[in-house]
Each structure stands twice: as structure tokens, then as C-alpha cells.
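Engineer: Pasting a structure here, questions to come.
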Amino acid sequence: MLASPHDDIQYALDDLQLFDTWKTRETDFIYPLFTSISKNKSDRIMTRDIIIQEIDTCTRKIILKQKHGWNVSVESQIKKMAHDLNIVDRLPLLLPIQGSGDNKQYIRFVLPK
């Protein structure tokens with residue numbers, strides 16, 4: 001994560017295309033850090049939206065919307081793979097690890113000073 005308050009330096013960093021665009025030139029920036037504590041791999045099937053609303057000069061309202069993407073299609077893919085690998089008997093253990101269980105996480109936001 002790298003950013004600069006100086007437009008010319010930020011433009012140069014953006015042109016490198018090495019970093020996610022987490023600081024835009026038009027609005028505030030925020031960098032969310034998600035730490036999974038659910039003992040599964042459900043992060044790969046999560047979708048997230050972050051909205052920053054300016055309340056006043058120093059106050060922002062941050063809205064984070066998350067959706068857990070586990071569905072019949074994902075479950076079918078995992079069941080097919082388990083069948084292909086001849087480990088169908090392990091499905092009761094594998095499905096929760098692969099994301100059928102709840103996604104539990106800590107979320108921290110990195111903000112500018």
C-alpha cells in the first residue's frame with residue numbers, strides 16, 4: 001500500500017500499475033483489512049462494497065456491505081472435485097472449510113491522519 005498527498009507523485013505511482021487503486025484523486029481513501037477467524041476459506045466467495053459519505057470536513061460515514069456467495073453452484077463444484085479425487089467421504093469436513101459455514105472476521109480500516 002503506497003500513496004502520496006502530492007498529485008504528481010501519486011500520478012507516477014498509479015502509472016506503475018503495481019498497486020491496487022485504493023486512493024482515488026477525487027475522494028477520501030480507506031484501506032480495509034479483513035482477518036478471517038471462521039477457520040474456512042469463505043473469503044474467496046465474498047463480495048464487498050465500501051461507500052464513504054462525507055458528513056462534514058472531518059467526519060465520514062463508512063458503509064461496508066458484504067455478501068457471502070456460497071450457493072448450490074459452488075457446492076456442486078466442490079462435490080464434483082471430491083468425487084473426482086475419490087474423497088466423497090470427507091465432504092462433511094470439506095464443505096464447511098471451503099465456505100459453507102458462516103464467514104467470521106475482524107475488520108480494521110487503515111485511514112489517513
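Engineer: Just checking, does region 38-48 include any residue being loosely packed, with under 15 Cβ neighbours inside 10 Å and closer than 30 Å to Pro5 by Cα?
Structural biologist: Yes, the conditions are met somewhere in region 38-48.
Engineer: Related question: Could you list, in sequence order, the residues of region 66-86 that are more than 21 Å from the chain's Cα centre (by Cα) and either surrounded by 11 or more Cβ atoms within 10 Å (Cβ to Cβ) or assigned to a helix (DSSP H, G or I) (or both)? Even if it seems obvious, please write down each step before you answer.
Structural biologist: First, the residues of region 66-86 that are more than 21 Å from the chain's Cα centre (by Cα): 72, 76-86.
Residues satisfying the conditions are Val72, Ser76, Gln77, Ile78, Lys79, Lys80, Met81, Ala82, His83, Asp84.
Engineer: If I ask for residues that are in contact (Cβ under 8 Å) with a residue 24 or more places away in the chain and in contact with a strand residue (DSSP E or B) (Cβ under 9 Å, 6 or more places away or on another chain), which ones from region 67-80 would you list?
Structural biologist: Pass one, region 67-80, residues in contact (Cβ under 8 Å) with a residue 24 or more places away in the chain: 68-70, 74-75.
Passing the criteria: His68, Gly69.
Engineer: Could you check region 57-105 and list, in sequence order, the residues that are among the acidic types (Asp, Glu) and modelled with pLDDT under 85?
Structural biologist: We begin by selecting, within region 57-105, every residue among the acidic types (Asp, Glu); these are 75, 84, 89, 102.
Residue satisfying the conditions is Asp102 alone.
Engineer: Filter region 50-65 down to the residues that are assigned to a loop (DSSP other than H, G, I, E, B) and either in contact with a Pro (Cβ under 7 Å, 6 or more places away or on another chain) or among the β-branched types (Val, Ile, Thr) (or both) and list them by number. So that I can check it myself, show each step before the final result.
Structural biologist: Pass one, region 50-65, residues assigned to a loop (DSSP other than H, G, I, E, B): 55-59.
Residues satisfying the conditions are Ile55, Thr57, Thr59.
The values are calculated or read from the model by the stated rules, or taken from the named source; none is laboratory data. Everything quoted here is computed from the prediction, not taken from an experiment. Please note: Cβ atoms are built from the backbone with ideal geometry, for glycine as well, and neighbour counts cover all protein chains shown.
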